[in-house]
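A quick write-up on the structure given underneath.
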Amino acid sequence: MIRDDLTNSDYHALDGISASDVKIVHAKSIAHWKNKSHKESPTLDIGTAIHAACLERDDLHNLVKRGPETRRGKAWTEAKEEADSMGAVLLTESDYDLARAVADSVLMEPRVMRMLDDPSCLKEKSIFNDCPQTGLRLKCRPDAVLPTRAV
């Protein structure tokens, strides 16, 4: 089943085993998977911004905000509170510029643009299925997929 009504947070909140879960179990342990938590970091925020700039270009201004030069002081605190209230990621000036430069370089690749601009391209869709052998609920959320076309 493909769902397009879920935010990324909604998807992660739903039960199911994802590829990331399998990687955690393989690299570490089932205990690490069961006790996983999401930690914010500037590096993850930059990745989120690059992702948004490539895949959610029409809504980028709502998803990512260019903040002050540093994360110190009242200007950052106020900008962070505003971004959080909007559900947006706040980056320092230099991190924002870096994220835009990386995204721009990705979007300069003609094959990427052909895929992303293809009307049949599925972006940010949540996919669920039940394993017929184990009954486990499986889930994935690929960045972008071009469905197989019938010949």
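The values are calculated or read from the model by the stated rules, or taken from the named source; none is laboratory data. Keep in mind that this is a model prediction, so the values were computed, not measured. Reconstructed Cβ throughout: ideal geometry from the backbone, glycine too, with neighbour counts over all protein chains shown. Heavy atoms of the whole protein, side chains included, go into the accessibility calculation; ligands, DNA and RNA do not. Shrake-Rupley method; radii C 1.70, N 1.55, O 1.52, S 1.80 Å.
Give me log10 I(q)/I(0) at q = 0.20, 0.27 Å⁻¹ for the range 110-151, Debye formula, one equal scatterer per alpha-carbon, no solvent.
One equal scatterer on each Cα of the range 110-151 leads to -0.72, -0.92.
Using square roots of five times the C-alpha gyration tensor eigenvalues, list the equivalent-ellipsoid semi-axes of the chain in whole Å, biggest first.
Working: eigenvalues 180, 105, 37 Å².
So the three semi-axes of the chain are 30, 23, 14 Å.
Enter the angle in degrees (range 0 to 90, nearest 10) between the Cα long axis of helix 74-86 and the first principal axis of the Cα atoms of the chain, meaning the one along which they spread out most.
30 degrees
Compute the relative contact order of the chain as a whole-number percentage, counting only Cα pairs closer than 8 Å that sit 6 or more residues apart in sequence.
Working: 165 pairs, mean separation 44.0, N = 151.
Across the chain, relative contact order equals 29 percent.
Accessible area, 1.4 Å probe, largest first: how do E69, E124 sort?
Working: E69 135, E124 30 Å².
Reading off the accessible areas and sorting them downward yields E69, E124.
May I ask for the distance between the Cα centers of the range 97-141 and the range 1-63, given as a whole number of Å?
Answer, in whole Å: 12.
Helix-only mean residue ellipticity at 222 nm, the chain, DSSP H runs n ≥ 4 weighted -39,500 (n - 2.57), per residue, nearest 500. What is it? It would help to have the intermediate numbers written out before the result.
Details: 8 runs with 74 residues, N = 151.
After summing the helix terms and dividing by the residues of the chain, the value is -14000 deg cm²/dmol.
Between C131 and V145, what is the label-to-label distance in nm when each label sits 7 Å out along the Cα-to-Cβ direction?
Roughly 1.8 nm, to one decimal.
What's the carbon and sulfur percent of the chain's accessible surface, probe 1.4 angstrom, rounded to a whole number?
Details: 5750 of 10520 Å².
Percent of accessible area from carbon and sulfur atoms in the chain: 55.
Quick one: which residues, 5 or more positions from A144 or on another chain, have an amide H under 5 Å from its amide H? H modelled 1.01 Å from N in the peptide plane, none for Pro or chain starts.
Placed amide hydrogens put E124 under 5 Å from A144.
Which trypsin sites (Lys or Arg not before Pro) from the range 1-35 combine a DSSP loop assignment with at most 15 other Cβ atoms within 10 Å? List each step's numbers first, then the result.
On the way: sites: R3, K23, K28, K34; in loops: K28.
Within the range 1-35, the qualifying trypsin sites (Lys or Arg not before Pro) (loop, at most 15 other Cβ atoms within 10 Å) are K28.
Ordered by residue, what ³J(HN,Hα) values in Hz, to whole numbers, does the range 115-120 give under the Karplus form 6.51 cos²θ - 1.76 cosθ + 1.60, where θ = phi - 60° and Gly and Pro are x?
The phi angles translate into 5, 5, 8, 5, x, 8 Hz.
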